[in-house]
1. Taking all pairs of different Cα atoms in the chain, averaging 1/r and flipping that mean, what Kirkwood radius in angstroms comes out?
2. Across all directions of projection, what mean area in square nanometres is found for the Cα convex hull of segment 1-133?
3. Ignoring ligands, DNA and RNA, how do His371, His220, His52, His320 rank by accessible area with a 1.4 Å probe, largest first?
4. What lysines does Lys194 reach when the alpha-carbon gap must be under 28 Å and sequence neighbours fewer than 8 apart in one chain are set aside?
5. What order do you get for 350-359, 244-253, 269-278, 126-135 when each peptide is scored by the mean count of other beta carbon atoms within 10 Å, highest first?
6. Using +1 at the Cβ of each Lys and Arg and -1 at the Cβ of each Asp and Glu in segment 24-152, identify which of Gly28, Thr128, Trp147 lies farthest towards the dipole's positive end.
7. How would segment 300-346 be classified by its alpha-carbon gyration tensor: rounded, prolate or oblate, with rounded meaning a/c under 1.5 and the a/b versus b/c comparison settling the rest?
8. Run the simple label-point estimate for Arg369 and Trp17 please: 7 Å along Cα→C-beta, distance reported in nm.
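The values are calculated or read from the model by the stated rules, or taken from the named source; none is laboratory data. Predicted model only: the values in this text are computed from it and were never measured. Methodologically, a virtual Cβ is constructed for each residue, glycine included, from the backbone with ideal geometry; neighbour enumeration extends over all protein chains shown. The area values use the complete protein model at the heavy-atom level, side chains included, leaving out ligands, DNA and RNA. Shrake-Rupley method; radii C 1.70, N 1.55, O 1.52, S 1.80 Å.
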Amino acid sequence: MSVALPPVLPVPTILAWLVCLLSWQTLGRSATRQTLVLLSIGAAALLFAAVHGVFLGWRQILAVNLPLLAMFVAVAFLTLTNRGVEDPDLPHGSKAVVTTAIGTHLLGAVINLSVLFVFGDRLQKSGTLTKEQMIILARSFCAAAWWSPFFIATGVALTYAPGMLWQETLIPGAVMSGIAIAYSLLEVCCVRKKEFSGYPIKIESLTIPLFLAAVVILTHHLRRDISVLHLICVVSPLGAVLFMRGRPRMATLHDFIVNRISSVSSQFTLFLAAGVFSTGIKSIIHVYPALFSLAGASFTPVVFALVLGTMILIGIMGVHPIVSIAIVSPLLLPLHPDQSQLGFLFLSSWAISTGSSPLSGVGLALVSRYHASPRTIIQSNWHYALAMWAVASTMNIVFY
């Protein structure tokens with residue numbers, strides 16, 4: 001409603017912050033710690049800037065990431081389209097590697113993190129996954145961040161690279177995801193050569209995510225004036241209800257809202273805190289424009305590669321991509337880079353770091369749910385992160 005009627009924006013803003021207060025006791029230790037750090041630094045920076053006469057407004061402080069939160073909730077509804085029962089037997093061999101990778105990628109591109117749990121729970125033995133299964137699941141899922149409009153990475157890129165045109169990152173992003181998956185397939189099938197038990201994916205399982213992605217792409221192509229974020233917020237819940245697996249529909253929907261929608265509460269706290277942090281950084285930059293000025297510099301391929309490498313490194317160390325993007329965005333925007341190029345930088349940092357780190361959301365899921373070793377995750381993925389950094393830096397030169 002606030003899109004059509006901007007004066008009502010305070011209402012969803014207050015409700016969003018209430019989510020943080022009401023769910024604070026249920027948050028994990030990592031989410032709580034990151035939220036408190038971001039809020040503390042952001043508030044201190046805002047107070048310091050206000051003392052020096054700089055105040056960017058309450059909307060910037062409290063509501064800058066509100067569209068992302070709406071997208072989180074909307075996309076969460078797509079878990080209702082999951083199949084409840086799959087074939088009992090697991091396929092084996094190279095074909096199983098390929099179908100598992102493609103299935104994880106395409107389903108994850110729309111249904112998001114729940115797919116990782118659906119596939120992982122089906123493949124695990126005694127609560128664990130093999131190294132090869134972890135590689136295929138994590139990398140194939142995270143590679144969707146390069147192109148999927150349903151992935152939160154796209155919403156973040158659109159927010160922090162405000163002039164980004166999603167259709168201009170779609171092709172290079174799709175190429176990058178294809179290269180990332182091909183790299184992983186070659187590694188598992190031709191280098192590791194271990195026995196692989198894959199997920200029994202069916203063609204009909206891919207129909208819904210491909211249809212929803214096509215609706216978003218086509219609608220955005222015909223109506224460029226409609227924001228991709230707003231489009232997804234409408235299409236996702238409607239598509240979920242239309243293709244809902246559970247019956248009766250109203251009872252299934254009620255159960256989802258009562259018992260499962262709260263899974264997005266940690267994202268609410270983290271992203272609202274990141275908005276405060278980002279606005280604090282911007283305020284400090286306004287206080288000391290000369291100190292943070294990159295006057296005379298330009299967004300060259302070398303700068304792109306150095307910034308991307310740094311963002312990947314700190315992402316692997318456990319810093320959430322939204323934090324590094326919030327820091328980098330106000331520093332690079334004064335260079336007047338191509339906004340789609342800047343968006344591609346953000347998408348690349350997200351896809352590579354989350355697919356390689358034991359401390360990302362995906363990595364923590366592997367560690368906590370499937371007892372993966374953080375050291376094993378890093379040892380299995382450092383060369384992947386390095387290779388994808390080089391490929392993304394090259395792709396930047398080719399497309400931008």
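1. 21.7 Å is the Kirkwood radius here.
2. Numbers: hull surface 50.1 nm².
Mean projected area for segment 1-133: 12.5 nm², to one decimal.
3. Values: His371 125, His220 20, His52 95, His320 45 Å².
From most accessible down to least: His371, His52, His320, His220.
4. Lys194 reaches Lys95, Lys125, Lys131, Lys202.
5. Details: 350-359: 26.9, 244-253: 12.7, 269-278: 25.3, 126-135: 18.0.
Answer by packing, highest mean first, reads 350-359, 269-278, 126-135, 244-253.
6. Gly28
7. Working: a/c = 2.17, a/b = 1.55, b/c = 1.40.
In terms of gyration-tensor shape, prolate.
8. Each label point is offset 7 Å from its Cα along the Cβ direction, giving 3.3 nm.
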